[in-house]
C-alpha cells in the first residue's frame, strides 16, 4: 500500500458527555478511494467532522500528508487541500450557483478545477449560474456541492452521504460520474449507507458500529455476511 | 448498583442551615433601627431595594430569557405614581405604593403586547425605547415639574410618621420588607408549576413548546408581575429620595446597568446570585466610590470578565466547588450507602 | 410651506439616522450580533474627530481619512479580542458584554473629555444653504443625506458584488460549512465589524458637525439607529434608509407641533409601525 495521505490514530470524539468515537484508526492511501459504511448513528458524520476540524480533536489523532492536523481549525485544514461534500448538500442559500462554486475556490489552491471545468462537468450549472442555489432540484444541488468541493482543487475529498434524499436515477448518474470526478491523483472517502454503491466505487472499506471500527477489508472481497455482522453487530 | 440506594429530595442539610441562618439574620436586620446609625440604615435600605430590583431582573433574564435594558421604565413609573397619587389623589403613601404596583402591572400589558414582537436582543433595545417614551412623557407633565421634576410636599412626608427617626425606621422596614417579599415571591414562583415551566423554557424552548407549555403566556405573566413589583420598588426608592425628576427616575445607569452588573457578577439564573451580587456591589461601591467614573469602568470590566470566564457568576463558582444550593429549586438524587439500609 | 419644510428637513435628518443604523444592520446581518455599545462607538468617533481636528487643525471632513481607518482597526480588534468569544446560541453573553462595553466607553470618554458638550467646527459648511423652490436647505444636511445614500449603495455593492461580501453572506448562512470552505469566521467577523465601525466613524463625524455631543448621548443614537432598522425591516439596507427617513420626518413634524415632542413623536412612530407591521415596512423577501 502506498504512503497514507490521511491517517487517524486512536481518534476519540465527544459531544458533551456523550462519546461518539472510540479510538478509531483509519488510513487513506495516496490516490485511493475508501468507503466508510455504517448504520445511522454509527459515527460516520462525526468522523468526517473530526477529520475536517469541525470538532476539536486530541493532539496527534489526525495526520494529513504525514503532518499532525488534529489541532487545526476547519479553514486551516481546508487550506491544506482537504475538501468535503457535506451531508445534505448544505449550499449557501443566499448565494447564487456561481457564487457557491466561487466560495469553494476561496482556499486558492492551483489545479485543474475552475469554473469552466466544473461547468464542463455539469453543463446544467452554467445555464443556472445566476439562480439562487435553493431554486435547483436536489440532484442539481448535489452537483453544486460536488463542484464547490472540487473548486478547492483538493488532494483528498470527502463525500458524506451523497445519495441521501435523491431519486435512484440521479444517484446512479452521480455514481457513474464519480470515478471521473475523483480522477488522477486525488484520494477520496465515500461515506454511505448504500453499501452496494459504496463498494462499487471504492478500493477498501471500513465499517463503523457504535463509534468503533467493526470491519476493515478490500471492497471487492468482503463478504455479505461479514458486512452484516459488522453493520448490525449481530453474531 | 441498586435503584433503592438512591433518594430523591429537594431539601438538603445546607438548605436547612441556610434557612435557620436567614431567619436569625432577618431578626437582627429587623431590629436595626435600635442598633444601627442613620447612615448605615440608609445604606442598608438602599441595598435591600437594589436586591429587590436585581432579583426581579434575574427572574426575567435568567429564567424567562427576557433580557431587558429598560427596567428603569417601571422604576420611574412607580416613583412618579407615588408622587402623583399622594399629591393629587390625596392617598396615604403606603396605599400609593401598592397602587403604583397595580398601575405598573396595567401599563405593562400593552407594552408587553408590543415589544414581545421583537426577538432576543432586539427585545432588549425595545425595552429601552419604552423607558425613553416614559421619560419623555413624564417630562411633559408640568404638574409634576416637567423636565426639572418636583419634591414630595412636607405634609405628605409627615403623614407617614410625625417624627424623623420613626420615618427613617419605617422607610428602612419597608425596604427590608420589600426585599423579603420579592425574594420569597420569586422563590415560591420558581417552585410552582409555572416556575418549572419557565425553567423548561429556558433549558429548551422547542421541547417546552412541544410539551404543551404556552411560552408566550408564561413569559407574559413574568413580564407583568416583574413590572408590578419593579414599580412598587420604584415608589419606595423615591419615597426615600423625596425628590423626583425624569432623568433620575428613568436613569439607565442607576436602575438597569447597576442591576445587570449585580446579577451577572453574583450569578445569573440563580436565586442566590443577586444576593451575593448586591453585597459585592455595595462593598465595591463603598470602597471605590471615590474613584468616580473609574469605579464604573472597573465594574464594567469585572462584569465582562465574569460573563466570559465564569458565566454563572460568583455563586456558580461556589456551587460547582461545593455542590451547595441554599434555595433548593431542583430535585437532587443522592446515593445512600448500603450499610445504612434498614 | 412650514410643513413641507418640516418634512424635507426630516427626510434629510433621516440620512444621519440611516448612517447610525447601517453599521448595526450590517453586523446583525453577518453574525446576528446586536451591539448595545453601537451608540457609544458613534460618540467615540465624534471625539476622535475632535482630537484629530484640534491637534492638526484639519477640517472635520478631512479628519475622516484618519478616523475611519482608526475606527475600523478598533472594530477588528474589538471583534477578535472580545466579541468573538460571546458568539453562540445563547443571547445573554453578547448582550451583556456589549452592555458592559457601553458603560466602559461612556465613562472612559467622561474621564478623558469631561462631560462638557463639544462640537466639531466645520466653518462655513455649517451655515451654508441653498434655496430651492422657496425652501432653504442646509448644505450639511444635504451632504449627509447624499453620504448616506452613497454608503448604503457601497455596502450593498460590497455585499453582492465582491468576494468579501460573498464571504459575509456565506458565513451568515452557515458558519460550519463556510469554515469548511476555508473561511475563518473569526477573521470574517472581524472584517465585518471593521467595516461597520468605518461607517460608524462617518456617522460620528457628521453627528459632531451637526450638533453638540457629550459622552452620555450614545444610548439615544443607538435607539435611533435601532428604530430605523426595525421600521425599515431587518436585513434590508435600503429599507433602513427609508426607516431613518420616516423617523426623521416624525421627529421634525413632532417638533413643529410642540418642541418638546420631537423625540417622543419619533418613538411613537416606531411603536405604531411595530404594532401594525411587526416585520417592518420593507422586510427582505426570503429565498
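If residue C:272 satisfies all but one of (1) in a helix (DSSP H, G or I); (2) in contact (Cβ under 8 Å) with a residue 40 or more places away in the chain, what's the number of the condition it fails?
Only one criterion in (1) in a helix (DSSP H, G or I); (2) in contact (Cβ under 8 Å) with a residue 40 or more places away in the chain is unmet by residue C:272, namely (2).
I'd like to know if the stretch A:161-169 contains one or more residues that are closer than 18 Å to residue A:118 by Cβ and either touching a strand residue (DSSP E or B) at 6+ places or on another chain (Cβ under 9 Å) or surrounded by 18 or more Cβ atoms within 10 Å (Cβ to Cβ) (or both).
Step one: filter the stretch A:161-169 for residues closer than 18 Å to residue A:118 by Cβ, giving A:162.
Among the residues that remain, those that are also either touching a strand residue (DSSP E or B) at 6+ places or on another chain (Cβ under 9 Å) or surrounded by 18 or more Cβ atoms within 10 Å (Cβ to Cβ) (or both) are: A:162.
Yes, the stretch A:161-169 contains at least one residue that is closer than 18 Å to residue A:118 by Cβ and either touching a strand residue (DSSP E or B) at 6+ places or on another chain (Cβ under 9 Å) or surrounded by 18 or more Cβ atoms within 10 Å (Cβ to Cβ) (or both).
Scan the stretch C:58-72 and tell me whether some residue there is surrounded by fewer than 24 Cβ atoms within 10 Å (Cβ to Cβ) and within 27 Å of residue C:174 (Cβ to Cβ).
yes
How many of the residues making up the stretch C:265-281 are surrounded by 18 or more Cβ atoms within 10 Å (Cβ to Cβ) and either more than 27 Å from residue C:217 (Cα to Cα) or more than 8 Å from every other protein chain (Cβ to nearest Cβ) (or both)?
Residues flagged as surrounded by 18 or more Cβ atoms within 10 Å (Cβ to Cβ) and either more than 27 Å from residue C:217 (Cα to Cα) or more than 8 Å from every other protein chain (Cβ to nearest Cβ) (or both) within the stretch C:265-281 amount to 5.
Given the condition assigned to a helix (DSSP H, G or I) and within 14 Å of chain A (Cβ to nearest Cβ), answer yes or no: does some residue in the stretch C:255-264 qualify?
Quick first cut of the stretch C:255-264, residues assigned to a helix (DSSP H, G or I) only: C:255-257, C:259-264.
Narrowing further to those that are within 14 Å of chain A (Cβ to nearest Cβ): none.
Scanning the stretch C:255-264 turns up no residue that is assigned to a helix (DSSP H, G or I) and within 14 Å of chain A (Cβ to nearest Cβ).
Only one of these conditions is not met by residue B:61: (1) buried (at least 24 other Cβ atoms within 10 Å of the Cβ); (2) touching a helix residue (DSSP H, G or I) at 6+ places or on another chain (Cβ under 6 Å). Which number is it?
For residue B:61, the exception is condition (2).
Would you confirm whether any residue within the stretch B:264-276 is over 17 Å from residue B:179 (Cβ atoms) and in a helix (DSSP H, G or I)?
Taking the stretch B:264-276 first, the residues over 17 Å from residue B:179 (Cβ atoms) are B:264-265, B:267-269.
Right, trim to in a helix (DSSP H, G or I) and you get B:264-265.
Checking the stretch B:264-276: at least one residue is over 17 Å from residue B:179 (Cβ atoms) and in a helix (DSSP H, G or I).
Going by the structure shown, is residue C:33 facing chain B (nearest Cβ under 9 Å), in contact (Cβ under 8 Å) with a residue 60 or more places away in the chain and assigned to a loop (DSSP other than H, G, I, E, B)? Explain how you work it out, then say what you get.
Numbers: facing chain B (nearest Cβ under 9 Å): yes; in contact (Cβ under 8 Å) with a residue 60 or more places away in the chain: yes; assigned to a loop (DSSP other than H, G, I, E, B): yes.
Against the criterion (facing chain B (nearest Cβ under 9 Å), in contact (Cβ under 8 Å) with a residue 60 or more places away in the chain and assigned to a loop (DSSP other than H, G, I, E, B)), residue C:33 qualifies.
Report the residue count in the stretch A:141-162 for those that are in contact with a helix residue (DSSP H, G or I) (Cβ under 7 Å, 6 or more places away or on another chain) and more than 21 Å from residue A:97 (Cβ to Cβ).
Kept after step one, since they are in contact with a helix residue (DSSP H, G or I) (Cβ under 7 Å, 6 or more places away or on another chain), are these residues of the stretch A:141-162: A:141-144, A:146-152, A:157-158, A:160, A:162.
If we keep only those that are more than 21 Å from residue A:97 (Cβ to Cβ) too, we end up with A:158.
Selection size over the stretch A:141-162: 1.
For the stretch A:62-93: of the residues being more than 21 Å from residue A:113 (Cα to Cα), within 11 Å of another protein chain (Cβ to nearest Cβ) and touching a strand residue (DSSP E or B) at 6+ places or on another chain (Cβ under 8 Å), which is surrounded by the most Cβ atoms within 10 Å (Cβ to Cβ)?
Applying the filter and picking the extreme gives A:87.
Which one of these does residue B:159 not meet: (1) free of Cβ contacts under 8 Å to residues at least 60 places away in the same chain; (2) surrounded by fewer than 19 Cβ atoms within 10 Å (Cβ to Cβ); (3) assigned to a helix (DSSP H, G or I)?
Looking at each condition in turn, residue B:159 falls short on (1).
Could you pull out the residue among C:284, C:186 that is outside any loop (DSSP other than H, G, I, E, B), surrounded by fewer than 22 Cβ atoms within 10 Å (Cβ to Cβ) and within 14 Å of chain A (Cβ to nearest Cβ)?
Details: C:284 fails: outside any loop (DSSP other than H, G, I, E, B).
Checking each option against the conditions leaves just C:186.
Which numbered condition in (1) more than 14 Å from chain A (Cβ to nearest Cβ); (2) buried (at least 23 other Cβ atoms within 10 Å of the Cβ) is the only one that residue C:150 fails?
The one condition residue C:150 does not meet is (2).
Can you find even one residue in the stretch A:3-11 that is under 30 Å from residue C:30 (Cβ atoms), in contact (Cβ under 8 Å) with a residue 24 or more places away in the chain and either within 14 Å of chain C (Cβ to nearest Cβ) or surrounded by fewer than 20 Cβ atoms within 10 Å (Cβ to Cβ) (or both)?
Start the filter on the stretch A:3-11 by keeping residues that are under 30 Å from residue C:30 (Cβ atoms), which leaves none.
Taking every residue of the stretch A:3-11 in turn, none turns out to be under 30 Å from residue C:30 (Cβ atoms), in contact (Cβ under 8 Å) with a residue 24 or more places away in the chain and either within 14 Å of chain C (Cβ to nearest Cβ) or surrounded by fewer than 20 Cβ atoms within 10 Å (Cβ to Cβ) (or both).
Out of the residues in the stretch C:78-90 that are under 22 Å from the mean Cα position of the chain (by Cα) and outside any helix (DSSP H, G or I), which is farthest from the other protein chains (Cβ to nearest Cβ)?
Ranking the candidates gives C:87 first.
Being more than 20 Å from residue C:183 (Cα to Cα) and under 17 Å from the mean Cα position of the chain (by Cα): is that true of residue A:146 here? First the steps, then the outcome.
On the way: more than 20 Å from residue C:183 (Cα to Cα): no; under 17 Å from the mean Cα position of the chain (by Cα): yes.
No, not satisfied.
Out of B:98, B:67, B:28, I need the residue that is assigned to a helix (DSSP H, G or I), more than 30 Å from residue B:154 (Cα to Cα) and either free of Cβ contacts under 8 Å to residues at least 60 places away in the same chain or more than 14 Å from chain C (Cβ to nearest Cβ) (or both). Which one?
Working: B:98 fails: more than 30 Å from residue B:154 (Cα to Cα); B:67 fails: assigned to a helix (DSSP H, G or I).
Answer to the check: B:28.
Output the residues belonging to the stretch B:112-127 that are in contact with a helix residue (DSSP H, G or I) (Cβ under 6 Å, 6 or more places away or on another chain) and in contact (Cβ under 8 Å) with a residue 60 or more places away in the chain.
Within the stretch B:112-127, B:112 is the sole residue that qualifies.
As an exercise: evaluate residue B:116 against (1) within 14 Å of another protein chain (Cβ to nearest Cβ); (2) at pLDDT 95 or above and give the number of the one condition it does not meet.
Condition not satisfied by residue B:116: (2).
Please specify each residue of the stretch B:70-95 satisfying the condition of being buried (at least 21 other Cβ atoms within 10 Å of the Cβ) and assigned to a loop (DSSP other than H, G, I, E, B).
Correct list: B:70, B:71.
Looking at (1) surrounded by 15 or more Cβ atoms within 10 Å (Cβ to Cβ); (2) within 12 Å of another protein chain (Cβ to nearest Cβ), which one does residue B:245 not meet, given that it meets all the others?
(2)
Output the residues belonging to the stretch C:161-174 that are more than 22 Å from the chain's Cα centre (by Cα) and either facing chain A (nearest Cβ under 7 Å) or crowded, with 20+ Cβ neighbours inside 10 Å (or both).
Answer for the stretch C:161-174, where residues must be more than 22 Å from the chain's Cα centre (by Cα) and either facing chain A (nearest Cβ under 7 Å) or crowded, with 20+ Cβ neighbours inside 10 Å (or both): C:166, C:167, C:170, C:171, C:173, C:174.
Across the stretch B:283-327, which residue is surrounded by the fewest Cβ atoms within 10 Å (Cβ to Cβ) among those that are assigned to a loop (DSSP other than H, G, I, E, B) and either more than 8 Å from chain C (Cβ to nearest Cβ) or without any contact (Cβ under 8 Å) to a residue 12 or more places away in the chain (or both)? Give the steps one after another, and end with the answer.
The initial filter retains those residues of the stretch B:283-327 that are assigned to a loop (DSSP other than H, G, I, E, B), namely B:292, B:310-312, B:323-327.
With either more than 8 Å from chain C (Cβ to nearest Cβ) or without any contact (Cβ under 8 Å) to a residue 12 or more places away in the chain (or both) added as a condition, the list becomes B:292, B:310, B:312, B:323-327.
Working: B:292: 12, B:310: 16, B:312: 19, B:323: 10, B:324: 14, B:325: 20, B:326: 20, B:327: 18.
Only one residue tops the list, namely B:323.
Which of the residues that make up the stretch B:120-151 are closer than 16 Å to residue C:96 by Cα and within 10 Å of chain C (Cβ to nearest Cβ)? If you could, list the steps in order and put the result at the bottom.
First pass over the stretch B:120-151, keeping only residues closer than 16 Å to residue C:96 by Cα: B:120-128.
The answer is B:120, B:121, B:122, B:123, B:124, B:125, B:126, B:128.
Quick test for you: out of A:34, A:47, pick the one residue that is away from every other protein chain (no Cβ under 13 Å), under 16 Å from the mean Cα position of the chain (by Cα), outside any strand (DSSP E or B) and under 30 Å from residue A:220 (Cα atoms).
Values: A:34 fails: outside any strand (DSSP E or B).
The conditions single out A:47.
State whether one or more residues within the stretch C:128-135 are away from chain A (no Cβ under 14 Å), more than 16 Å from residue C:195 (Cα to Cα) and in contact (Cβ under 8 Å) with a residue 40 or more places away in the chain. First the steps, then the outcome.
Of the stretch C:128-135, the ones away from chain A (no Cβ under 14 Å) are C:128-135.
Right, trim to more than 16 Å from residue C:195 (Cα to Cα) and you get C:128-135.
Then drop every residue that is not in contact (Cβ under 8 Å) with a residue 40 or more places away in the chain, which leaves C:134-135.
Yes - at least one qualifying residue is present in the stretch C:128-135.
If a residue must be outside any helix (DSSP H, G or I), more than 19 Å from the chain's Cα centre (by Cα) and in contact (Cβ under 8 Å) with a residue 24 or more places away in the chain, how many such residues does the stretch C:101-119 contain? I'd like the intermediate steps shown before the answer.
In the first step, residues of the stretch C:101-119 are kept if they are outside any helix (DSSP H, G or I); the result is C:114-119.
Applying the additional criterion that residues be more than 19 Å from the chain's Cα centre (by Cα) yields C:114-118.
Add one more test, that the residue is in contact (Cβ under 8 Å) with a residue 24 or more places away in the chain, and what stays is C:115-118.
Of the residues in the stretch C:101-119, 4 are outside any helix (DSSP H, G or I), more than 19 Å from the chain's Cα centre (by Cα) and in contact (Cβ under 8 Å) with a residue 24 or more places away in the chain.
Read through the list (1) farther than 30 Å from residue B:310 by Cα; (2) modelled with pLDDT under 95; (3) more than 14 Å from chain B (Cβ to nearest Cβ), then give the number of the only condition that residue C:50 fails.
(2)
The values are calculated or read from the model by the stated rules, or taken from the named source; none is laboratory data. Small disclaimer: the values here were computed from a predicted structure and weren't measured. With ideal geometry, Cβ positions are generated from the backbone for all residues, glycine too; neighbour counts draw on all protein chains shown.
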